[in-house]
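Let me begin by presenting the structure, written as structure tokens, before commenting on it.
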Amino acid sequence: MLSDKPHLELCNLTFAQYSQIKQMMDEAYPELGGAWPEHTIQRLIEEFPEGQIGVVDGDELVGIALAVQVDYQRFSNPHTYEDIVDSNDNVFNNPEGNALYGLDVVIRKSHRGMRIGRRLYDARKELCRQYNFRAILAGGRIPSYHTYRNEMTPAEFIGKVAAKEIYDPILTFQLSNDFQVTRLLKKYLPEDEESSGYATLLEWNNIFYEPTDTVLDFRKTTVRIGAVQWQMRTVQSVEELLKQVEYFVDTVSDYQCDFILFPEFFNAPLMGLCEETSQTEAIRFLAGFTDQIRDAMSRMAVEYNANIITGSMPLNEDGSIYNVSYLCHRSGKVDEQRKIHITPHEKNDWVIKGGNQIGVFETDAGKVGILICYDVEFPELPRIMSEQGMEILFVPFWTDTKNSYLRVRHCAQARAIENECYVVIAGSVGNLPEVESLDVQYSQSAVLTPSDFPFPHDAVLSEATANTEMLLFSDLDMDKLKILNSEGSVRNLKDRRKDLYDIVVKK
């Protein structure tokens, strides 16, 4: 009958429920003295009501999870049960604590097997996030250890439980709920004969935790980017080109973007002003404008309050030409990333050399990396960046045909999946028959994501209309990357077999 079906709801415990709490704890802990006295439960509810969570089936209390606030630094290090609960069953709650300490979780026998424990743990995790606690800590008993104490050490026992070779009702459950064993606690609860006095110090980290030391130093959870799909057009001067650049920067800044991305060699129309017919001389001529354009775009970054990735430009350094992208911070700082891998065309016709350094840039909107076009086709580079904490990868590109574009596009999509990051690609469109190598362009700029439930089903957050000059806007939810890294269907960063292979940077 319908009335016989359970109707489970979460609630915060009240002292009126003490008789049911006592009944459940007496049933669960006969060997440890049964339930806490009334004053203990009353103190918990009065001092930290949000931390005392229950599950009711109609009017019947069928599950409880008790907790206190503690100082993370103190209780993430060795301690005993008496540091939490004294001999008179007084529980110490620190109202200034920055971590949640899990006490008892008890499920009524009649309702076990209904995943009520997981429901209570999920509620604890949500409480931890809402209150911006750094972590959930707990001293976990290992009641099955007494069966094996003559055969193995506590550490060996914990390892076998983690490998699912041994079942322990408490530790197995904790590990299945994403808790990590950080250390072994000795003499945690000496009267716990089943655990031989041992316990595990368990920790679940709040991936959304934000330190509250300062008001201004905070991490953005939503980052807005603007990508420019640039139209190659004839220009008569560098000033005319910069006027077009400033138009896009001004427009994008009106939408309060944190980043603006331009394509690779967006300034190439200036080669049309070169009287030399040699491609080698034309690229050196173009390099003569790089300092001026970089400085102008740095000024725009400050004036329009947006970080600008300047696409890329040729740089003449001691007679050698490099393909360089600049990150013009809105603070006025300028970083650079040189193209590492040079295409045959760049090498043979323009005599461009490859750079030797790869890194991640710290910005006021997260950690970002830049790879210029061909570089994104080499998976080692983004992997190095991801190990340095990269969250957004910007890829300015320049491709002539659709098949060359798709090489960049598909590789960029793979990099988003492999490295659990956002990838923004931007290219140019249009034709300039009077400039050699600029007679054909193909581009469809896009914002690409990892492929998992928090993201669009096709892993494409937004994309431009192919071969049309336009602006592309997207809001990047940075918290989704944290969820993916910690709780994703697959975890490409965590599951790498570093015992088997690794990437070694020689320079």
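The values are calculated or read from the model by the stated rules, or taken from the named source; none is laboratory data. Computed from a predicted structure; not experimentally measured. FYI the Cβ positions are ideal-geometry reconstructions off the backbone, even for glycines, and counts take in every protein chain you see.
Please indicate, with yes or no, whether at least one residue in the range 427-445 is modelled with pLDDT of 95 or more, crowded, with 16+ Cβ neighbours inside 10 Å and within 16 Å of the chain's Cα centre (by Cα).
No, the range 427-445 has no match at all.
Just give me the residues in the range 361-390 being in a loop (DSSP other than H, G, I, E, B) and modelled with pLDDT of 95 or more, in sequence order.
From the range 361-390, those in a loop (DSSP other than H, G, I, E, B) are 365, 371-372, 378-379, 387-390; that's our starting set.
Residues satisfying the conditions are Leu371, Ile372, Phe378, Pro379, Met390.
Which residues, taken from the range 305-332, are surrounded by 19 or more Cβ atoms within 10 Å (Cβ to Cβ), hydroxyl-bearing (Ser, Thr, Tyr) and touching an Asp or Glu at 6+ places or on another chain (Cβ under 8 Å)?
Ser312, Ser325, Tyr326
Only one residue in Gly58, Gly54 is in contact (Cβ under 8 Å) with a residue 24 or more places away in the chain and either buried (at least 18 other Cβ atoms within 10 Å of the Cβ) or among the basic types (Lys, Arg) (or both). Which one? Before the answer, list the steps.
Details: Gly58 fails: either buried (at least 18 other Cβ atoms within 10 Å of the Cβ) or among the basic types (Lys, Arg) (or both).
Among Gly58, Gly54, only Gly54 is in contact (Cβ under 8 Å) with a residue 24 or more places away in the chain and either buried (at least 18 other Cβ atoms within 10 Å of the Cβ) or among the basic types (Lys, Arg) (or both).
Which one is farthest from the chain's Cα centre (by Cα) among residues in the range 85-96 that are within 9 Å of Val68 (Cα to Cα) and part of a loop (DSSP other than H, G, I, E, B)? Before the answer, list the steps.
Applying the first criterion (within 9 Å of Val68 (Cα to Cα)) to the range 85-96 yields 91-95.
Subset that is part of a loop (DSSP other than H, G, I, E, B): 92-95.
Details: Phe92: 34, Asn93: 32, Asn94: 30, Pro95: 30 Å.
The extreme case among them is Phe92.
Which residue is surrounded by the fewest Cβ atoms within 10 Å (Cβ to Cβ), if the candidates are limited to the range 111-152 and must be among the polar types (S, T, N, Q) and over 21 Å from Glu96 (Cβ atoms)? Can you show your working first?
The first filter runs over the range 111-152 and keeps only residues among the polar types (S, T, N, Q), leaving 130, 132, 144, 147, 150.
Those still in the list that are over 21 Å from Glu96 (Cβ atoms) too: 144, 147, 150.
Values: Ser144: 18, Thr147: 12, Asn150: 6.
The residue in question is Asn150.
For the range 233-268: of the residues being of a type in the set (Gly, Ala, Ser) and buried (at least 18 other Cβ atoms within 10 Å of the Cβ), which is farthest from Asp291 (Cα to Cα)?
Of everything passing the filter in the range 233-268, Ser253 is farthest from Asp291 (Cα to Cα).
Collect the residues in the range 141-194 that are assigned to a helix (DSSP H, G or I), hydrophobic (A, V, I, L, M, F, W, C) and touching a residue at least 24 places away in the same chain (Cβ under 8 Å), keeping them in residue-number order.
Step one: of the range 141-194, the residues assigned to a helix (DSSP H, G or I) are 145-147, 154-162, 171-176.
Remaining after also requiring hydrophobic (A, V, I, L, M, F, W, C): 155, 157-158, 161-162, 171, 173, 175.
Listed by number, the residues that qualify are Ala155, Ile158, Leu171, Phe173.
Rundown of residues vs (1) among the acidic types (Asp, Glu); (2) buried (at least 22 other Cβ atoms within 10 Å of the Cβ); (3) in the same structural domain as Met232 (by TED's automatic domain parsing), yes/no style:
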position: Asp364; (1), (2), (3): yes, no, yes
position: Ile370; (1), (2), (3): no, yes, yes
position: Cys373; (1), (2), (3): no, yes, yes
position: Met385; (1), (2), (3): no, yes, yes
position: Ile392; (1), (2), (3): no, yes, yes
position: Pro396; (1), (2), (3): no, yes, yes
position: Thr401; (1), (2), (3): no, no, yes
position: His410; (1), (2), (3): no, no, yes
position: Gln413; (1), (2), (3): no, no, yes
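Considering only residues of the range 309-360 that are among the charged types (D, E, K, R) and under 28 Å from Arg224 (Cα atoms), which is modelled with the lowest pLDDT? Show your work before the answer.
Within the range 309-360, the subset among the charged types (D, E, K, R) is 317-318, 330, 333, 335-336, 338-339, 346-347, 349, 353.
Remaining after also requiring under 28 Å from Arg224 (Cα atoms): 330, 333, 335-336, 338-339.
Numbers: Arg330: 91, Lys333: 94, Asp335: 97, Glu336: 97, Arg338: 97, Lys339: 97.
Checked the range 309-360; the qualifying residue modelled with the lowest pLDDT is Arg330.
Give Val91, Val106 a once-over and let me know the one that is in the same structural domain as Ser196 (by TED's automatic domain parsing) and touching a residue at least 60 places away in the same chain (Cβ under 8 Å).
On the way: Val91 fails: touching a residue at least 60 places away in the same chain (Cβ under 8 Å).
Val106 is the lone residue from the list that is in the same structural domain as Ser196 (by TED's automatic domain parsing) and touching a residue at least 60 places away in the same chain (Cβ under 8 Å).
Test Ile21 against the criterion of being in the same structural domain as Leu127 (by TED's automatic domain parsing) and part of a strand (DSSP E or B), and give yes or no.
Working: in the same structural domain as Leu127 (by TED's automatic domain parsing): yes; part of a strand (DSSP E or B): no.
In short, no.
Inspect the range 342-354 for any residue being of a type in the set (Gly, Ala, Ser), within 28 Å of the chain's Cα centre (by Cα) and either surrounded by 21 or more Cβ atoms within 10 Å (Cβ to Cβ) or in the same structural domain as Asp295 (by TED's automatic domain parsing) (or both) and give the result as yes or no.
Initially, the range 342-354 is screened for residues of a type in the set (Gly, Ala, Ser), giving 354.
From the residues that got through so far, the ones that are within 28 Å of the chain's Cα centre (by Cα) too are none.
Within the range 342-354 (the criterion being of a type in the set (Gly, Ala, Ser), within 28 Å of the chain's Cα centre (by Cα) and either surrounded by 21 or more Cβ atoms within 10 Å (Cβ to Cβ) or in the same structural domain as Asp295 (by TED's automatic domain parsing) (or both)), the answer is no, since none of the residues qualifies.
Please specify each residue of the range 21-58 satisfying the condition of being of a type in the set (S, T, N, Q) and more than 22 Å from His111 (Cα to Cα). Walk me through it before giving the result.
Residues of the range 21-58 that are of a type in the set (S, T, N, Q), as a first pass: 23, 40, 42, 52.
Residues satisfying the conditions are Thr40, Gln42.
Run Met271 past the list (1) assigned to a helix (DSSP H, G or I); (2) surrounded by fewer than 21 Cβ atoms within 10 Å (Cβ to Cβ) and report the number of the one that doesn't hold.
Condition not satisfied by Met271: (2).
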